[in-house]
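Asks: One structure coming up, written as structure tokens, with questions to follow.
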Ligand SMILES: *Cc1c(COP(=O)(O)O)cnc(C)c1O
Ligand code: SF4
């Protein structure tokens, strides 16, 4: 694991903007990159898309006015410091603040790499009790931070407690570890998950660039999928990383080919210090339209934005419905031109 300027400089030569980040003291998301993920960077390319995701830049330290620490108002929607209950039927549990590598675009910086550490046995108990009282909750997202920073033993205790409280839960394991540190995914981990699972466990991961689909990460995904854990991807649209239709097309096709269903493509949240990584939403909509023409329905993710202020997620798509008239609905056809569908 690489955590310091000295360690980092033995692998790559930093730019002035990258170097300056280290010179400013203050409240920052720390540097942490696994040696594996660092090895994916081309050290001779200052614009490398892997590098942009994990090497900090001074640009992070001058937030723009529209940005906030907690743009999704997660704290206001939390019923417990670790449990976000925004939607009636599903909850997100912040299992640990740690990750194997910190992403510079992290939208949960208010929590990630703080002093929260991992969930305690008492907290697990309190949350299991809460879930017992909330039968309308059908899904739980184990997130953070990254839940796979827990030891197999602690993750097992957590799952056993949740399943004992509620045997009818669908679990989503939300982790970037198959991308940033696939060596953590071992046969022992997957055997443990198989043994304790009460219901389905979906692996939700975050590949943002086709070059992240390496032999190692594909092996990690195979361990899950071969053992009955479906894999889905939540990519983040990032400036200088994947904001071109060619890169996104290649990413989605490679994911699909490796049995990872593209689920979401997220518009960047308005989180402090991420403006240089955000793609304007209008540009995102143009990419979405072009991408839908190139990809199969199965390879196409849903472009979505989490509205500021905790409004929740909304789907973003090019609008094909041009108008509703008494006799007919008017559409823009996928190849252009207007097509009517009779109303009634
Ligand atoms: C995104 C999110 C979910 C899951 O939403 P889906 O659209 O079902 O993937 C659940 N809880 C919170 C707080 C979320 O932010
Ligand atoms: S893995 Fe997720 S929680 Fe961790 S730094 Fe990256 S985006 Fe944030």
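Asks: If you scan the range 235-262, which residues turn out to be within 16 Å of ligand 1 (Cβ to nearest atom) and without any contact (Cβ under 8 Å) to a residue 40 or more places away in the chain?
Replies: Selection gives 261, 262.
Asks: Please pick out the residue among 214, 175, 205, 180 that is more than 20 Å from residue 157 (Cβ to Cβ) and touching a strand residue (DSSP E or B) at 6+ places or on another chain (Cβ under 7 Å).
Replies: Selected residue: 205, the only one of 214, 175, 205, 180 that is more than 20 Å from residue 157 (Cβ to Cβ) and touching a strand residue (DSSP E or B) at 6+ places or on another chain (Cβ under 7 Å).
Asks: I'm trying to understand the selection: among the residues of the range 301-332, which are within 16 Å of ligand 1 (Cβ to nearest atom) and assigned to a loop (DSSP other than H, G, I, E, B)?
Replies: Across the range 301-332, the qualifying residues are 301, 308, 309, 310, 311, 316, 317.
Asks: Right, another one. Do the conditions hold for residue 37, that is, is it outside any loop (DSSP other than H, G, I, E, B) and within 20 Å of residue 242 (Cα to Cα)?
Replies: yes
Asks: Can you find a residue that is surrounded by 17 or more Cβ atoms within 10 Å (Cβ to Cβ), touching a helix residue (DSSP H, G or I) at 6+ places or on another chain (Cβ under 6 Å), in a strand (DSSP E or B) and touching a residue at least 24 places away in the same chain (Cβ under 8 Å) anywhere in the range 41-49?
Replies: no
Asks: Tally the residues that are surrounded by 17 or more Cβ atoms within 10 Å (Cβ to Cβ), more than 16 Å from ligand 1 (Cβ to nearest atom) and closer than 22 Å to residue 35 by Cα, restricting the search to the range 149-193.
Replies: Residues flagged as surrounded by 17 or more Cβ atoms within 10 Å (Cβ to Cβ), more than 16 Å from ligand 1 (Cβ to nearest atom) and closer than 22 Å to residue 35 by Cα within the range 149-193 amount to 11.
Asks: Look through 198, 228, 268, 273 and report the one residue that is within 21 Å of residue 153 (Cβ to Cβ) and part of a loop (DSSP other than H, G, I, E, B).
Replies: The unique qualifying residue is 198.
Asks: Determine which member of the set 238, 232, 248 is under 15 Å from the mean Cα position of the chain (by Cα), modelled with pLDDT of 95 or more and surrounded by 23 or more Cβ atoms within 10 Å (Cβ to Cβ).
Replies: The match here is 238.
Asks: Now for a separate question. When the range 41-93 is examined, which residues are found to be under 17 Å from the mean Cα position of the chain (by Cα) and within 16 Å of ligand 2 (Cβ to nearest atom)?
Replies: 49, 50, 52, 53, 54, 70, 71, 72, 74, 84, 92, 93
Asks: Oh, and also: Against the condition away from ligand 1 (no atom under 16 Å from the Cβ), part of a loop (DSSP other than H, G, I, E, B), crowded, with 17+ Cβ neighbours inside 10 Å and modelled with pLDDT of 95 or more, how does residue 53 come out, does it pass?
Replies: So residue 53 does not fit the description; no.
Asks: Could you grab me the full set of residues in the range 201-217 that are within 18 Å of the chain's Cα centre (by Cα), outside any loop (DSSP other than H, G, I, E, B) and within 17 Å of residue 100 (Cβ to Cβ)?
Replies: 203, 204, 205, 212, 217
Asks: For residue 30, state whether it is under 20 Å from residue 111 (Cβ atoms) and at pLDDT below 95.
Replies: Against the criterion (under 20 Å from residue 111 (Cβ atoms) and at pLDDT below 95), residue 30 does not qualify.
Asks: Take the conditions farther than 24 Å from residue 102 by Cα, over 20 Å from the mean Cα position of the chain (by Cα) and part of a loop (DSSP other than H, G, I, E, B) and apply them to residue 335. Does it pass?
Replies: yes
Asks: Is it the case that some residue within the range 289-298 is surrounded by fewer than 12 Cβ atoms within 10 Å (Cβ to Cβ), out of contact with any strand residue (DSSP E or B) (no Cβ under 8 Å at 6 or more places or on another chain), part of a loop (DSSP other than H, G, I, E, B) and at pLDDT 95 or above?
Replies: Scanning the range 289-298 turns up at least one residue that is surrounded by fewer than 12 Cβ atoms within 10 Å (Cβ to Cβ), out of contact with any strand residue (DSSP E or B) (no Cβ under 8 Å at 6 or more places or on another chain), part of a loop (DSSP other than H, G, I, E, B) and at pLDDT 95 or above.
Asks: I want to confirm something. Restricting to the range 132-148 and keeping residues that are part of a strand (DSSP E or B) and either more than 15 Å from residue 108 (Cα to Cα) or without any contact (Cβ under 8 Å) to a residue 24 or more places away in the chain (or both), which single residue is farthest from ligand 2 (Cβ to nearest atom)?
Replies: Looking at the filtered set, the residue picked out is 139.
The values are calculated or read from the model by the stated rules, or taken from the named source; none is laboratory data. Remember, it's a predicted structure, so these values are computed and weren't measured experimentally. Please note: Cβ atoms are built from the backbone with ideal geometry, for glycine as well, and neighbour counts cover all protein chains shown.
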